[in-house]
1. Identify, from the list 35, 30, the residue that is part of a loop (DSSP other than H, G, I, E, B) and in contact with a strand residue (DSSP E or B) (Cβ under 9 Å, 6 or more places away or on another chain).
């Protein structure tokens with residue numbers, strides 16, 4: 001079953017930290033993905049894969065490439081339908 005929105009945000013920050021190597025304190029909603037936490041083009045695709053595998057959320061590539069800040073991803077995740085709670 002899908003966790004709470006806070007759990008989702010925590011997991012997103014952990015994914016971004018793992019991909020970027022940035023300190024957790026740097027990964028704020030205002031942090032810019034490329035300039036502030038160092039996500040490169042490959043990192044964007046890692047986010048797609050991690051969101052799907054770890055969170056069960058599919059982010060479309062065209063949406064991901066529009067994101068500029070951590071907050072952009074967080075807001076987008078809140079708009080998605082939660083995964084089917086019956087899926088395991």
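1. Values: 35 fails: in contact with a strand residue (DSSP E or B) (Cβ under 9 Å, 6 or more places away or on another chain).
Result of the check over 35, 30: 30.
Conditions tested, residue by residue: (1) touching a strand residue (DSSP E or B) at 6+ places or on another chain (Cβ under 8 Å); (2) modelled with pLDDT of 90 or more; (3) assigned to a helix (DSSP H, G or I).
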{"site": "16", "(1), (2), (3)": "no, yes, yes"}
{"site": "46", "(1), (2), (3)": "no, yes, yes"}
{"site": "57", "(1), (2), (3)": "no, no, no"}
{"site": "67", "(1), (2), (3)": "no, yes, no"}
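The values are calculated or read from the model by the stated rules, or taken from the named source; none is laboratory data. The structure displayed is predicted, hence computed values, not measured ones. Don't worry about glycine lacking a Cβ; one is built from the backbone with ideal geometry, like all the others, and counts go over all protein chains shown.
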